[in-house]
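Undergrad: Structure provided below as C-alpha cells; questions to follow.
The values are calculated or read from the model by the stated rules, or taken from the named source; none is laboratory data. This structure is a prediction, so every number in the text was calculated from the model and none was measured. Reconstructed Cβ throughout: ideal geometry from the backbone, glycine too, with neighbour counts over all protein chains shown. Surface areas here come from the heavy atoms of the whole protein model, side chains and all, with no ligands, DNA or RNA. Shrake-Rupley method; radii C 1.70, N 1.55, O 1.52, S 1.80 Å.
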Amino acid sequence: STSGSFWGPYLNMLSSTPIPRLDTFDTEEYAMLNDATLEMVGRSSKERLKAMFYGSASNSNGGGDDVSVKAVLRDMINIQQRTNNNNNPEVVPPTCLEFDTFHKFIGIVSSRAMVLKGIKYLTPLAEMINYSPVSPLEQVVRPSRSSGELDGQVAVREDGMMIDTPFDLYHTIGADDSITVRSDRNVMLRHQQPPPHDGSAEDATAATTTIQIFEDYGPVDSSLFLEMHAFVPNNNPYHCAVIHGRHFLRRQVAPGRSDPNSTMLLRALKLLHLTNPQLTQFVSLEDVCVRKDMTIVEDGNGIGRRPASDAIAITSLLLGESTEMFSNLEVLKSKCITAIESNDVERIELQCARYPGSRRIVKHALVNAAKRSVSEVDVTMETLSSLLEEAEKEGGEGGNEKLALAVRFRIEERKIIDSIADISLIDDEPPKPVVIEASDDDLEAKLSSFNTFMDSLNLPVNKIRAQAVEGMRLGAIATEDLESEEAYISLPPNAVIDVTSALAEAETSSPRLAALLKKLDSQPSDGFDVLLVYLIHERFVRKDESEWWPYLDLLPTDQEVRSTHPLFFEEDEMNLHLGGSDVRKFILRNQRRAFERHAALASDVDVHEVLGSDVILDKSIVYWATAILDSRSIWWDGRRHIAPLLDLVNADSIGRAHETKVEESSAVTRASRPVKRGEQVFENYQQPNYLLFAFHGFLLESNPSDCALLTIPSAKFASRLKSSPTFCISGTNIDSMEELAQFLRMKHGLSTNKLESESWLNEDVVPYLAQVLKERISRLGDLTESGTELEDEPTQHRRLYIMSRMAISDLAHFQAALELLKERVDF
C-alpha cells in the first residue's frame with residue numbers, strides 16, 4: 001500500500017505492470033524485431049539485472065543471495081517491521097521479493113528518470129511530458145534582457161547554420177537543488193468560440209482547447225527509447241536504419257578468389273584504419289546505420305573525419321560500384337592505386353576517399369544498397385502494418401504491448417530504408433563553388449561615422465584615418481607625413497576592447513553579461529571566449545546601443561567573412577584546391593576547434609540567457625566572431641586586444657616586424673618606414689603565408705617570411721623537441737630543415753648527440769628528409785596534375801584562387817628544399 005507515503009498519489013499513478021522495455025522481450029518479440037544486436041543488448045541487460053537481484057553467484061532459486069538486492073530488500077523489510085513492533089511477515093506481500101517486481105521498478109526508473117549532471121531524478125508531473133522532436137529552427141528564443149525583446153520568439157535562421165540544443169538547457173538544477181523545466185518550443189493555447197453563455201460551468205470549460213505539451217529528449221536513436229523508455233517514436237529524425245555491408249557490393253567477393261582490386265582495397269582500408277588490421281581478404285564492408293537524411297551514424301560529427309563514407313567511397317571506386325556517372329573512372333582509379341602503392345596515408349585519403357565527386361558516389365551507393373536491402377526483405381510494409389494492428393488488439397485493452405513495440409520499431413526502420421531507396425539521384429549535380437557577393441552600399445556612411453567616433457576618443461596620438469581601399473575593402477591612410485619610427489597611433493585603455501575593458505563595461509551596462517564574462521574568464525584560456533561572447537553581445541544583442549557600434553558596424557558582415565575566411569571553407573573545395581597541402585589539415589583543425597567552442601557555448605544556460613538562443617545557436621554568428629578575433633587581434637604584453645583603427649592597417653612584407661608597445665599606459669604603434677600624407681600605412685606581420693591565409697584569409701605574393709607548413713603526426717616524440725612536430729620548410733633557407741632533421745633522427749633511432757655548432761643535417765638523416773619532401777611533392781603534384789589550380793583571380797572564385805596559390809607555393813618550397821639537400825649531399 002502507498003497510503004502512508006508522502007508520494008502516495010504519485011506512486012498510485014505509476015504502472016502496475018512491468019514496463020515493456022527491450023529487456024522484457026521474449027523470443028516472439030525478438031524474432032519480430034529481427035535485430036541481432038538489439039536482441040543481444042536486451043538479453044544481456046536482463047541477465048545483469050538477475051545477477052544484481054539474486055546475487056552474482058546465484059540463480060533464480062535464491063542461492064547465494066547474501067550479496068544481492070533481494071537480500072538488501074529483505075533486511076530493509078525486517079528492520080521496518082521491527083521498528084513498527086510488527087513481527088507478522090504476512091504484512092509484506094511476497095511479490096515484493098520477486099524479480100518481476102524489481103524488474104518493474106527498474107523499468108519505471110529508466111523510463112521516467114530525468115538525468116541531470118549524471119544523476120537520475122524522478123520528477124512527478126514533469127516526467128509525464130511526452131516526446132516529440134523539435135528542430136533548431138523551432139527552438140524558443142531566450143533573448144538577453146538588455147535587448148528589450150519579448151520572450152517566446154522563434155529563431156528564424158537558415159537551417160544549415162543552426163545547431164541542436166542540449167537537454168540540460170531546458171532542464172536545470174537551481175542553487176536550492178530545485179529542478180526547473182522550460183518548454184523547448186512555443187505552445188500556444190487555442191480558444192474556441194464559446195457557445196451562448198447561460199452561466200453554467202460547462203459553457204466555460206467548452207471555450208478552451210486542451211493542448212498536450214511535448215519535449216525533445218535529445219538527439220538519440222530510437223533504439224535507446226526502446227531499450228530504456230519502452231516506446232518507439234514516429235519519424236524520429238535521429239533514428240537510423242542498418243544497411244548491411246554486403247549490400248554495398250553488386251556481387252559478393254568469392255572466398256579465396258584472387259582479385260587485384262580487392263587486394264588493393266583491403267590494403268587501403270587497413271592503412272586508413274577503416275577495417276580490422278587482421279583481415280587477410282576483403283569480403284564486404286562493415287554494416288552502417290543511416291538516417292533518413294542520408295547521414296551515416298558511424299561517420300560521427302567530427303570535422304575532416306568520415307570513416308564510413310570513406311570506406312564506401314574507396315570500395316565504390318576500386319570495385320566499380322555506383323560509379324556509372326564518371327567518364328574519368330579509370331583515371332581516378334589509377335590515381336588511387338598509385339597512392340596506395342606509395343603507402344602515403346594522406347595521399348590515399350585524398351585520391352581514394354576524397355576524390356572529386358566522392359560524396360555523390362557515397363549517396364548513390366547508399367541508394368543502391370537500400371534498394372538491395374528492400375529487395376531481400378521477406379515481410380512487406382502492408383504485412384507489418386497488419387501485424388501491428390493485430391498486436392495492438394491482442395490481449396484486450398492493452399494489447400500485446402511488447403509485440404506491438406517490436407513491430408513498430410521494425411516499421412520505422414523500414415520507412416527509412418524505403419525512403420532512401422526511393423531517392424532519385426539521376427539529376428544530382430555536383431556542388432557548385434560557393435559564391436558570395438561581398439558588397440556594402442553604405443560603406444562611405446559607415447566610414448564617416450567610424451572616423452567621427454575615433455575623433456571623439458581624443459587619442460593622445462592619431463595620424464591615420466580609415467578609408468576605402470580598392471581590392472582590400474578598407475585601409476589606414478596617413479593624415480600627415482610620417483618618419484620611420486614615428487608614432488602614428490596611441491590607444492589608451494578606453495579605446496581598446498580586451499578582457500579588462502569588456503568586464504568593466506559589462507559591470508555598468510549588463511550585470512548578467514558581467515557575471516557570464518567573469519565565469520568564462522575564470523576558465524583556462526587566453527581570454528578568447530570572453531572576447532568572443534562580448535563581441536557577439538555588442539554586435540548582435542545591443543547593436544546600435546553599444547558604445548562600440550560605429551566600429552562594429554564597419555566590420556565585414558558574416559556574408560563577407562564567409563567569402564574569404566577559411567573557417568567557412570567547405571571541406572570538398574579544400575580537397576579539390578588545397579589537397580596535398582598540410583595547410584588543409586591545419587584549417588580543418590581550426591574548424592574543429594570552432595565547432596567545439598560553439599557546441600560548448602551553446603550548452604551553457606547562462607550564454608542563452610545573455611545572448612538569446614537565436615544568436616548562440618546560429619553557427620554563422622559564432623564563426624563570424626571567431627574569424628574576427630582570428631584576423632584582427634593585436635597582441636601586446638602577452639594579451640589579446642581588439643584595437644579599432646589600428647586593426648585596419650594592412651599587411652605587406654617591407655621593413656621590420658610590426659610591434660605595438662605600452663608607453664605611458666597607452667598602446668603605441670610606430671611607423672616601420674617613412675609614409676607620405678595620403679598614402680596607405682602598412683605593417684609587416686612577418687608571418688608565413690599559411691598563417692596569413694588560415695587566420696586572415698589572404699596571401700602575400702612576395703613574402704620573405706614564407707615557408708611551407710609540414711606536419712608529421714607523432715605525439716610520441718613531441719615531448720623531446722623544443723617545439724611540436726610541426727615545421728615550416730623554406731625553399732631558400734636550408735636551415736629551415738634543422739628541426740625536422742632533429743625530429744627524424746629521433747623517429748628513426750639515429751644519434752642525437754652533437755656539438756652546439758654542428759648541424760643536424762648530416763648524411764645519415766638526409767635520405768629520410770628527402771623521403772618526407774618527396775611525399776609532399778607527390779601529394780601536391782597530384783593536385784597540379786588535376787588542373788584544378790586557377791591562374792586568374794575572378795572575384796567569384798577568390799577563395800578557390802587563394803587555395804590554389806597556397807598549394808602551388810607549397811610545392812615550390814618543397815621542390816626547392818629538395819634541390820638544396822641535393823647540393824649538400826649526393827643521394
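Undergrad: Quick check on region 645-690: take the gyration tensor over C-alpha atoms, sort the square-rooted eigenvalues as a ≥ b ≥ c, and tell me if it's rounded (a/c under 1.5), prolate or oblate.
TA: Working: a/c = 1.84, a/b = 1.21, b/c = 1.52.
Judged from the Cα gyration tensor, region 645-690 comes out oblate (a/c at least 1.5, b/c at or above a/b).
Undergrad: Heavy atoms only, 1.4 Å probe, whole protein assembly: order R360, R639, R799 by accessible area, highest first. Working shown, then result.
TA: Working: R360 45, R639 95, R799 10 Å².
The ranking, largest first, comes out as R639, R360, R799.
Undergrad: Collect residues whose amide H, placed 1.01 Å from N in the peptide plane, falls under 5 Å from the amide H of D652; neighbours closer than 5 in sequence don't count.
TA: Under 5 Å from the amide H of D652 lie the amide H atoms of E683, N684, Y685, each far enough along the sequence or on another chain.
Undergrad: Right, next: What nm distance separates the two modelled labels at E98 and E507, each placed 7 Å from Cα along Cα→Cβ?
TA: 6.8
Undergrad: Give the long-range amide H neighbours of F231: residues separated by 5 or more places, or on another chain, with amide H under 5 Å away, using H modelled in the peptide plane at 1.01 Å from N.
TA: Long-range HN contacts for F231: L226.
Undergrad: Report in % the part of the accessible area of region 512-591 that belongs to carbon and sulfur, leaving out ligands and nucleic acids; probe 1.4 Å. If you can, show how the numbers build up before the last one.
TA: On the way: 1230 of 2580 Å².
Carbon with sulfur: 47 percent of the solvent-accessible area.
Undergrad: Let me ask another. What does the C-alpha gyration tensor say about the overall shape of region 542-615? Classify as rounded when a/c is under 1.5, otherwise prolate if a/b is larger than b/c, or oblate. Spell out each step's value before the answer.
TA: Working: a/c = 3.39, a/b = 1.60, b/c = 2.12.
Oblate, since a/c reaches 1.5 and b/c is not below a/b.
Undergrad: Per residue, how many Å² of accessible area does region 289-330 show with a 1.4 Å probe? Intermediate values should be presented prior to the final figure.
TA: Values: 1700 Å² over 42 residues.
On a per-residue basis, region 289-330 sits at 40 Å².
Undergrad: If you don't mind, another one. To the nearest 10 Å², what's E758's accessible area with a 1.4 Å probe?
TA: 90
Undergrad: Okay, moving on. So for F25, F595, what's the accessible-area order with a 1.4 Å probe, most first?
TA: Numbers: F25 5, F595 70 Å².
From most exposed to least exposed: F595, F25.
Undergrad: For region 463-475, what does the Karplus curve 6.51 cos²θ - 1.76 cosθ + 1.60, with θ = phi - 60°, yield as ³J(HN,Hα) per residue in whole Hz, taken in order and with x for Gly and Pro?
TA: Here the 3J(HN,Hα) series is 10, 9, 9, 6, 8, 5, 10, 4, x, 10, 6, 9, x Hz.
Undergrad: What ³J(HN,Hα) values, in whole Hz, does the Karplus curve 6.51 cos²θ - 1.76 cosθ + 1.60 give for region 567-573 when θ = phi - 60°, with x put for Gly and Pro?
TA: My calculation for region 567-573 gives 4, 9, 5, 7, 4, 4, 6 Hz in order.
Undergrad: Accessible area per residue for region 483-550 in Å², computed with a 1.4 Å probe and the full protein assembly in place, what is it? Present the calculation step by step, with values, prior to reporting the outcome.
TA: Numbers: 2790 Å² over 68 residues.
The answer is 41 Å² per residue.
Undergrad: Which value, in Å² and to the nearest 10, is the accessible area of E389 when all protein chains are kept and the probe is 1.4 Å?
TA: 100
Undergrad: A further question on this structure: Would you list S449, S563, S702 from the most to the least accessible area, probe 1.4 Å? Each step should come with its number before you reach the end.
TA: Numbers: S449 55, S563 15, S702 85 Å².
Ranking S449, S563, S702 by accessible area, largest first, yields S702, S449, S563.
Undergrad: T660's amide H: which non-local residues (gap 5+, or another chain) put their own amide H closer than 5 Å, with H modeled 1.01 Å from N in plane and none for Pro or chain starts?
TA: none
Undergrad: Could you work out the pair-distance distribution P(r) of region 469-559 from its alpha-carbon pairs, with 5 angstrom bin width and percents rounded to whole numbers?
TA: That works out to 2, 11, 19, 19, 16, 14, 9, 7, 3, 0, in percent per bin.
Undergrad: Over region 222-346, what per residue volume does the convex hull of the Cα atoms give, in whole Å³?
TA: Values: hull volume 18.3 nm³, N = 125.
Roughly 147 Å³ of hull volume per residue.
Undergrad: Okay, moving on. For region 582-659, what is the accessible area per residue in Å² when the probe is 1.4 Å?
TA: Numbers: 2380 Å² over 78 residues.
For region 582-659, the per-residue accessible area is 31 Å².
Undergrad: Residue by residue through region 167-174, what is 3J(HN,Hα) from phi via Karplus (6.51 cos²θ - 1.76 cosθ + 1.60, θ = phi - 60°)? Round to whole Hz and write x for glycine and proline.
TA: Per-residue couplings from phi come out as 4, 4, 5, 9, 9, 10, 9, x Hz.
Undergrad: Kindly provide log₁₀ I(q)/I(0) values, in the same order as q = 0.13, 0.14, 0.21 Å⁻¹, from the Debye equation applied to equal alpha-carbon scatterers of region 654-774.
TA: Evaluating at q = 0.13, 0.14, 0.21 Å⁻¹ gives log10 I(q)/I(0) of -0.71, -0.77, -1.20.
Undergrad: Considering only protein heavy atoms and a 1.4 Å probe, what is the carbon-and-sulfur percentage of the accessible area of region 343-382? Present the calculation step by step, with values, prior to reporting the outcome.
TA: On the way: 810 of 1640 Å².
Its accessible area is 49 percent carbon and sulfur atoms.
Undergrad: A follow-up question, please. Quick one: how many Å² of Y131 are accessible to a 1.4 Å probe, rounded to 10?
TA: About 30 Å², rounded to the nearest 10.
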